Amino acid sequence: MRLDPLSLPQAFDAHDVRADGNVRRIEIHRERVVLRRAIHGMRMAVNVRVSDFLGLALRGLDGDTQVLVLAHRDPSLTIPLAVSADRAELEAASAMWSEIFALPQLPEEKHRAPAPRRRRRNAIRERRPKFLVRRRAGDNSRELSMHRGEREIIARS
């Protein structure tokens, strides 16, 4: 699959695991992208401005095969533009798409292991108890004032 950036608008079908029939219809224009799909019989069309996309990125598929995608923050809105095993061809296509849409070419993503989950009890262990949160902490550094050499008046009943 390889779309030509010079012949816009274009429409094609792409694989979508959540859509009915595992297919969604994509229309690419210079200013916007329209995604049409049906989920559980409910048809929908999502209209996304091209400026809302992050840029163009190369993603590895299987072995040597790579995909040129129009990357979005939401992975379900990422659009495939070209699939090939020839890296030079994909880089040339990426440069053309980047110029037409005025979007940056993003670096390849390195697969990172997810960060280990932080345990909540370790994060709040140093907090003050709940009933002491309302009270101000005492200041042990200041001394109480003492009056020396004065007469005290004490009321006795």
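Readers should treat all values here as calculations from the given coordinates under stated rules, not as data from a laboratory. Computed from a predicted structure; not experimentally measured. Cβ sites come from the backbone with ideal geometry, for glycine too, and all protein chains shown count toward neighbours.
Here are the numbers for this structure:
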| item | result |
| --- | --- |
| Anisotropy class of the range 10-101 from Cα gyration tensor, a/c 1.5 cut | oblate |
| Per-pair calculated FRET efficiency, R0 = 30 Å: Arg2 and Val23 via Cβ, rounded to 0.05 | 0.95 |
| Gained length - Asp86 relative to Glu99, 0.36 nm times residue gap less alpha-carbon distance | 2.6 nm |
| Net charge, Ser94 excluded, C-beta distance under 13 Å - Lys, Arg +1, Asp, Glu -1 | -2 |
| Trypsin sites (Lys or Arg not before Pro) within the range 1-34: DSSP coil, no more than 13 neighbouring Cβ in 10 Å | Arg18, Arg30 |
| Radius 12 Å from Cβ of Arg24, net charge of other residues (Lys, Arg +1; Asp, Glu -1) | +1 |
| Farthest toward positive dipole pole in the range 10-101 [+1 Lys/Arg, -1 Asp/Glu at C-beta], among Ala93, Gln66, Val50 | Val50 |
| Where labels lie 7 Å past Cα in the beta-carbon direction, separation of Arg43 and Lys130 in nm | 5.4 nm |
| Estimated distance in nm for a label pair at Glu108 and Ser145, the labels positioned 7 Å out from Cα along Cα-to-Cβ | 7.4 nm |
| Residue exposure sequence - His72, His15 - by fewest surrounding Cβ within 10 Å | His15, His72 |
